[in-house]
Amino acid sequence: MKRTIIAGTRGSRLALTQAESVAAKIREAAHLEVVISKVITRGDRSRHVPLDRMAGAGVFVKELEEALLSEQIDLAVHSLKDMPTEIPDGLCLAAVTERLDPRDVLVSRGLKLAELPPGSRIGTGSLRRAVQLGACCPELEICSIRGNVDTRLRKVTEGQYDGVVLAAAAMQRLGCEETISEYLPLEHFLPAVGQGALAVEIRTDDSKLAELLAPLNRVSEWQAVTAERAFLRALGGGCRAPIAALGTVEDGTLRLEGMVADVKTKRMFRASISDSTLTPEELGTRLAQRLLVSGADEVIAGVD
């Protein structure tokens, strides 16, 4: 095992913070030097293009995976929600670290969603969040927004938006909890697949690094996100329909809740399922099939 490990990540403050948290755990467990290497992804280069209009999956991941395959880096740290369900040949998911709060949050100038006046401009770069916002608060104006967390917060402070919806985990990792106006309830705002979790990706043939990273893997988190990703994969993986899912583990039982929404009609298909933690992929597939039979298949088929 070489003495210096190169960990690749995107270059935003959040991404660097996430990568450093993983690097710190490796240093503590294995007493190895870990160097952070910034990789610019297509999603970072195209900051003015709405995410739902960008062709292809993995816009925040592909360049990191290419750096892994070419051995420029030894591992990549991702926000798991950015990872496509299909991982390239030669690469594998080595660990899912402790998951922080998976909920969405509102950051406004002090008001909760229910307190915002009609016509208030709420920014989000996510179709999933936009559809759920529209269903919960149809009187608000949902606006597209890009940029990192700091940029979005600044746009609220400057008055360009009355609020933005972000991931609670991102705010926690950046130490920005004091700016949160409201934690949005899961019954109305189901999160993105993998939201709140970090993924460590490595080359499949790097068995020594896989062994070193094994203690970083949280089994319950792995089971939950495996079910979520199987759910997404069974619905079409990289399709552009708004899809959400959250798995939770308690006393050996895995509960998975999933949602597919129709942007045009605003109709939502939502269901939940519970079973043993031993078969998370099968559970995710079963829930996807349940939603497809209930009518979500037409939504998926109708999305370009």
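Quick notes
- Scoring GLU98 on the criteria (1) under 21 Å from LEU198 (Cβ atoms); (2) modelled with pLDDT of 95 or more leaves a single failure, condition (2).
- Unmet criterion (only one of (1) buried (at least 17 other Cβ atoms within 10 Å of the Cβ); (2) within 28 Å of GLU182 (Cβ to Cβ)) for VAL77: (2)
Per-residue answers, yes or no, for (1) under 26 Å from CYS143 (Cα atoms); (2) at pLDDT below 95; (3) not assigned by TED's automatic domain parsing to the domain that holds ALA19:
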| residue | (1), (2), (3) |
| --- | --- |
| GLY163 | yes, no, yes |
| ALA170 | yes, no, yes |
| ARG203 | no, no, no |
| LEU209 | no, no, no |
| ALA224 | no, no, yes |
| ALA227 | no, no, yes |
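- Residue list for region 234-246, restricted to those being over 19 Å from ARG129 (Cβ atoms) and modelled with pLDDT of 95 or more: ALA234
- Residues in region 61-74 that are touching a residue at least 40 places away in the same chain (Cβ under 8 Å) and surrounded by fewer than 20 Cβ atoms within 10 Å (Cβ to Cβ): ALA67, LEU69, GLU71, GLN72.
The values are calculated or read from the model by the stated rules, or taken from the named source; none is laboratory data. Every value quoted in this text rests on a predicted model; they were computed, and no experiment measured them. As a convention, Cβ positions derive from the backbone with ideal geometry for all residues, glycine included, and neighbour counts pool all protein chains shown.
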